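Nothing in this text is a laboratory measurement; each read-out follows from the coordinates by a stated rule. Since the structure is predicted, the reported quantities are computational estimates derived from the model, not experimental observations. As a convention, Cβ positions derive from the backbone with ideal geometry for all residues, glycine included, and neighbour counts pool all protein chains shown.
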Amino acid sequence: MSEVRVVVVDDQALVRVGLCGIVATGDGLTVVGEAADGLAAVDVVTRLAPDVVLMDIRMPVLDGIEATRRITASTASRVLILTTFDLDEYVYGALRAGASGFLLKDAPPEDLHAAIRVIAAGDALLAPGVTRRLIATFAASSAASVDPVPVPLGSRPAPDALGGLTDRERQVLALVAEGLTNAEIGLRLHVTAGTAKTHVARLLHKLDARDRIQLVIIAHRAGLAP
């Protein structure tokens, strides 16, 4: 198992220390830095280039949403939002800022470890309480905004840009939008999980999407999702 390098960001010292300790107990997970506010987080991430950033939302100097926006726009690090607030507005803000995941702080340690690994592998993760309906609502509302999907989405493909996809890739994109894993997509299409993973990788490349969350948003905007 390759090492996953993590930076922990939280303005509460005890919470930050606790999170660092929890992360350190996960196999293959290493805390390489920490920060107490969003501005410091941007600096630490820029210097250390971690694989994953655990990001709090409500912080002084610079909040976690804006810090996430700056990090995803200028680095390859992926951000997992950790918060005690299970509110739609924070999910929307995190998605717009380019976060790859959203998890509540009351999640058990094993869920946090799994989430970090999922994010580091290039997939996206939402807390169980954050349903596909919420993603659909976000996608619909964002379609009318001036800056609907956060960078990096490259040229931000419009629905007609999906014309470059094969029929199979369209099928896979629709299944990603349903929230299916690679293994579940494989079962649905009667192919191996590895083949499904290859299709998803091609979608990420063709649509210039950072991760599966952005594929979900693109699918909803293109009318491919249920």
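Per-residue extension of 0.36 nm, minus the Cα-Cα distance of Gln171 and Val17, leaves a gain of 51.0 nm for this segment. The alpha carbon convex hull volume per residue for the stretch 182-226 rounds to 74 Å³. Label-to-label distance, His190 versus Ala24, with points set 7 angstrom from Cα along the beta-carbon direction: 5.3 nm.
Projecting label points 7 angstrom from Cα along Cα→Cβ for Leu104 and Ala121 puts them 2.4 nm apart.
With a/c under 1.5 counting as rounded, go ahead and sort the stretch 25-99 into rounded, prolate or oblate using the C-alpha gyration tensor (a ≥ b ≥ c being the square roots of the eigenvalues; past the cut-off, prolate if a/b is larger than b/c, else oblate). The shape class here is prolate.
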